[in-house]
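Input: a single structure, listed below in structure tokens.
Where a number appears in this text, it was derived from the coordinates with a stated rule and is not lab data. No experiment lies behind these values; they were computed from the predicted model shown. Heads up, the Cβs are rebuilt from the backbone with ideal geometry, glycines too, and the neighbour counts pull from every protein chain shown.
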Amino acid sequence: MNSSQWNNPLNLSQKKAAAYSNAAFMSRVYLWMTFGLLLTGGVAYQIAATPYIMQNILSHSYIMIGLIILQLGTVIALSAAIDRMSSLLATSVYIFYTALTGVTFSVLFLVYTSQSISQVFFLTSFAFAGLSAIGYLTKRDLGPIGSFCTIGLFGLIGFVFLALIFPSILTNAVSMTISTLGIMIFAGLTAYDTQRIKSLNDATASFEEIKKRSIHGALMLYLDFINLFLNMLRLFGDRR
């Protein structure tokens with residue numbers, strides 16, 4: 001593109017319109033992600049502060065197992081079928097999932113101190129904001145980083161399942177290594193997913209489609225955030 005094309009008022013107008021459209025779309029994504037995090041935190045705190053509910057969850061292992069299975073089933077269903085859902089249904093399932101995650105996260109308050117959880121949450125927030133800003137602003141294609149981190153994630157999941165079968169291999173040093181690798185993997189995925197979500201914006205799409213895409217993007221970043229938070233909590237959190 002020569003300088004006359006670059007400085008053409010029409011081209012500048014189109015660039016401004018595209019930038020405004022991207023900013024509006026990403027604002028919607030971040031808003032829903034933040035809402036999900038606040039809902040998860042609020043539900044977790046309220047349940048942890050209610051001894052009767054906590055006692056029932058901890059006294060009956062099948063309740064926690066059932067909640068975790070429902071949680072996994074919900075997020076898989078939302079990720080796989082969101083294109084076939086209405087925006088209202090997708091939003092409702094997203095809200096249900098983030099609230100359900102709060103129920104399972106309530107046990108964190110029994111393992112870690114409240115002060116430690118708060119400190120790690122704010123640390124994660126600052127790290128996430130910086131990583132997401134990189135993904136949003138960079139012109140470099142982060143696809144190779146995303147592919148590498150995805151492969152690393154599957155390897156990490158495989159090792160965790162192996163540790164469940166052979167618990168003896170999960171020493172303190174191995175646990176710290178897993179948490180460190182988890183932080184690195186989800187740091188890369190945060191930047192990559194932000195760039196990928198930005199590309200989902202389409203100014204010609206219907207408002208219904210934009211709402212569904214924003215929920216999809218919010219879910220992706222929500223998952224990156226909570227996994228980054230969990231790994232940082234395991235590494236830096238103060239246990240009771």
**Request:** Be a star and scan region 78-103 for residues whose amide nitrogen sits under 11 Å from the point 7 Å along the Cα-to-Cβ vector of residue 70.
**Result:** 97, 100-101, 103
**Item:** Cα-based radius of gyration of region 41-138 once divided by 2.2 N^0.38 Å, which approximates compact folds
**Value:** 1.30
**Prompt:** So what are the radius of gyration and Dmax for the Cα set of region 140-196, in Å?
**Reply:** 13.1, 43
**Message:** Sorting check: for 159-168, 139-148, 82-91, which peptide has the highest mean count of neighbouring beta carbons within 10 Å, and how do the rest follow?
**Reply:** 82-91, 139-148, 159-168
**Prompt:** In deg cm²/dmol and to the nearest 500, what is the mean residue ellipticity at 222 nm of the chain if only DSSP H runs of at least 4 residues count, each as -39500 (n - 2.57), divided by the residue total?
**Reply:** -29000 deg cm²/dmol
**Asked** Once you put a point 7 Å from the Cα of residue 168 and another 7 Å from the Cα of residue 46, both along the Cβ direction, what distance in nm separates them?
**Response** 4.6 nm
**Item:** Residue (of 87, 38, 99) at the positive-pole extreme of region 3-236, dipole from beta-carbon charges
**Value:** 87
**Prompt:** If amide H atoms are built 1.01 Å from N in the plane of the peptide, which residues on other chains or at least 5 residues away come under 5 Å of the amide H of residue 112?
**Reply:** 240
**Item:** Positive dipole terminus of the chain, leading residue within 205, 117, 62 (C-beta point charges)
**Value:** 205
**Projected area averaged over orientations for region 110-240, convex hull of C-alpha atoms, nm²** = 9.7 nm²
**Complete:** Count of lysine pairs, the chain, Cα-Cα under 22 Å, sep. 8 or more residues or interchain, comes to 8
**Message:** Charges on Cβ only, +1 for Lys and Arg, -1 for Asp and Glu, centred on the Cα centroid of region 141-240; of 161, 222, 146, which one is farthest towards the dipole's positive end?
**Reply:** 161
**Item:** Length gained when the stretch residue 19-residue 89 is fully extended (0.36 nm per residue, less Cα-Cα span)
**Value:** 22.3 nm
**Asked** Percent relative contact order of the chain, based on C-alpha pairs within less than 8 angstrom and at least six residues apart?
**Response** 33 percent
**Message:** Between region 149-201 and region 203-218, how far is it from one alpha carbon centroid to the other, in angstrom?
**Reply:** 28 Å
**Request:** State to the nearest 20 debye the size of the charge dipole of the chain about its Cα centre, where the only charges are +1 on K and R beta carbons and -1 on D and E beta carbons.
**Result:** 300 debye
**Request:** Treating each Cα of the chain as an identical point scatterer and ignoring solvent, apply the Debye formula and state log10 I(q)/I(0) at q = 0.10, 0.15, 0.18 Å⁻¹.
**Result:** -0.55, -1.15, -1.55
**Fill in**
The alpha-carbon center of region 120-139 and that of region 37-99 are separated, in whole Å, by 25 Å
